[in-house]
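One structure is given here, and the rest of the page talks about it.
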Amino acid sequence: MKETASIHISMRFLRVWQRNFTVYRQTWKISFLPPLLEPLFYLLAFGVGLSVLVGTIDYGGSEISYTSFIAPALLAINIMNNAFYENMYGSFVRMYYQKTFDAMMATPLSLAEIITGEIVWGATKSVMAATIMLGVISAFGLIQYPEGLLIVPLAFIGGIAFGSMGMVFTGIVPNIELFNLPIFLFITPMFLFSGTFFPVENLPLWAQNLAVLLPLTHLVNLTRSLSLGVFNTSLLTGIVYLIIMCLVLFPLAIHTMHRRLIK
Amino acid sequence: MMKQKHNALNGSGNPVINARNLRKTFGNLIAVDDVSFQVFPGECFGILGPNGAGKTSTIRMTYGFSPMTGGTLEVFNLDITRNARTIKSRIGVCQQENNVDPDLTVQQNLEVFALYFNMPPPEARTQALNLLKFMALDHRKDARATELSGGMMRRLVLARALLNKPDLLILDEPTTGLDPQSRHQVWENLEELQTKGLTILLTTHYMEEASHLCDRLFIMDHGRVLVEGKPLDLIRQHVGRDIIEVVEPSETLRAFMRSWNLKHEDLGHRLIIYVDDGNALYHEISKDHCTGGCIMRMATLEDVFLKLTGRELRE
């Protein structure tokens, strides 16, 4: 069996998705809490506590409140985190400690289908989290409708992109402790510098150029535009960026997992 | 101890597994080197060998888990390199680890696993409940899989391997780490499956298990097959019928052995003598040479195994 033989992906990947969904349903009440409460905490801390100091922010020529500036960023961060962590820690535990993938590989499922099911599941978690958060944030009147609804399909694309990235790390790290490295070098800087809590334009020019390379910058830009109902050409750049990210990282994730597991 | 099975299907028909010149290398390490074997319908075939002999590598190739480095392998007359998915849908596999799904209950473990075979949920449920009954696990169906004892977990893995009503059951060390009670329970389950005509391929390093279950087997070491045959035949061919063990043998006994040219193994503090009829000899030895204690017993597969693979520790 060469790698190409197992690259054929049938709809059976949904079985792996179903497995994860079955597990999720058992703890859904707890899993629902973070996306429900997290935006509340942030909006309270930043919206009430910090916005007094910050005042308003210039966005696309108009002044907006600090809370409406950061609320869409919280959505983007959650889209990133849900898929990334699910396909990093979650998938790693299933692969390495629980040997769930080994058991699956003795069935008609192919490895590519298993990985696809995992990544689509990660993206599903992003969609669920984004939807719940959208509801909470909407209650504060911070989302423009109907444009805001587009955040739901966007969460899926972002989920596939960041989930594939997490899965690539799962395919290459020797042990679970080393996940700290991509988190420290990659996730944390993105969380802070992707136009999340202050505009990218506030950074020095060299840093702005770096920030444009980061995927979260584009995702934040997209969620913010859709939340505020402001459209411009940078949205197209953003969506193309995320799709290319999917097209590169998804096959790469399957490749690294293949190298790791097929022996 | 040794059980002769009467299976009309033995040795007849197209082989369920036809492996020719299997080879598996990991970098410079040759794990499996030119291994050929056939398993026929209704047969229980065993792969024996010490740790690191290449048993698991061989068996993993036969269920399409690891790609072969060389050789050809047909299961159900289908080439595994091209029909892995079809083959896998018709076999049940019990891997070495108890990789039950810790996030699910016992019953869910089976129902979710049935999904991987595209089994419709109502059928999956019926099948799951039947198998839980067969494996005496129905009273624990709502427990978390991780709450089960080692023996129960093993039976759950076995039940899982039977979900798709396989035509071939592949077991990698099915009873390693189990207590005697659990081991016998698993053997009983496997014997029942055998009488229903299920073809079984298993690896083990328990000789008792092999003589108990296997119609035919081969012993392998360092990636190669040493001997192949029926358990009893192998014992007769390689060690004879009786074994006499003498503790702290004297020099005169050693000289006696040499002068009569008797098949024996000298372990220093222990002398093992292989004979076809040991009564006369045992009488002789126990009369004159039995200073440190001596016994006569029936030869077992373990004697064959140790004779062929040596007594030094592995790993």
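The values are calculated or read from the model by the stated rules, or taken from the named source; none is laboratory data. Note that the structure is predicted; figures quoted are calculated from it, not measured. Neighbour counts are summed over all protein chains in view; Cβ atoms, including those assigned to glycine, are modelled from backbone coordinates with ideal geometry. Note: accessible area is taken over every heavy atom of the protein model, side chains too, but ligands, DNA and RNA are not part of it. Shrake-Rupley method; radii C 1.70, N 1.55, O 1.52, S 1.80 Å.
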Residue satisfying all of: in the range A:88-130; under 27 Å from A:N78 (Cβ atoms) and at the interface with chain B (Cβ under 7 Å from one of its Cβ atoms); surrounded by the most Cβ atoms within 10 Å (Cβ to Cβ) among these: A:T100
Only listed residue being outside any helix (DSSP H, G or I) and either open to solvent by less than 20 Å² (accessible area, probe 1.4 Å) or among the small types (G, A, S) (or both), chosen from A:G159, A:G163, A:G195: A:G195
Enumerated strands (runs of 3 or more DSSP E) restricted to the range B:164-274, each holding at least 2 residues that are open to solvent by 50 Å² or more (accessible area, probe 1.4 Å) and assigned by TED's automatic domain parsing to the domain that holds B:L148: B:224-229
Matching helices (runs of 4 or more DSSP H) fully within the range B:42-127 where at least 3 residues are open to solvent by less than 20 Å² (accessible area, probe 1.4 Å) and touching a residue at least 40 places away in the same chain (Cβ under 8 Å): B:55-62, B:106-115
Qualifying residue in the range A:242-252 (condition: in contact (Cβ under 8 Å) with a residue 40 or more places away in the chain and farther than 27 Å from A:L150 by Cβ): yes
Leading residue by the ranking (farthest from the other protein chains (Cβ to nearest Cβ)) among those in the range B:68-85 that are touching an Asp or Glu at 6+ places or on another chain (Cβ under 9 Å) and closer than 24 Å to B:P174 by Cα: B:F76
In the range B:138-151, the residues that are open to solvent by 30 Å² or more (accessible area, probe 1.4 Å) and in contact (Cβ under 8 Å) with a residue 24 or more places away in the chain: B:R140, B:K141, B:D142, B:R144, B:T146, B:S149, B:G150
Set B:N109, B:N99: member being out of contact with any strand residue (DSSP E or B) (no Cβ under 7 Å at 6 or more places or on another chain), of a type outside the set (D, E), at the interface with another protein chain (Cβ under 7 Å from one of its Cβ atoms) and within 18 Å of B:R140 (Cα to Cα): B:N99
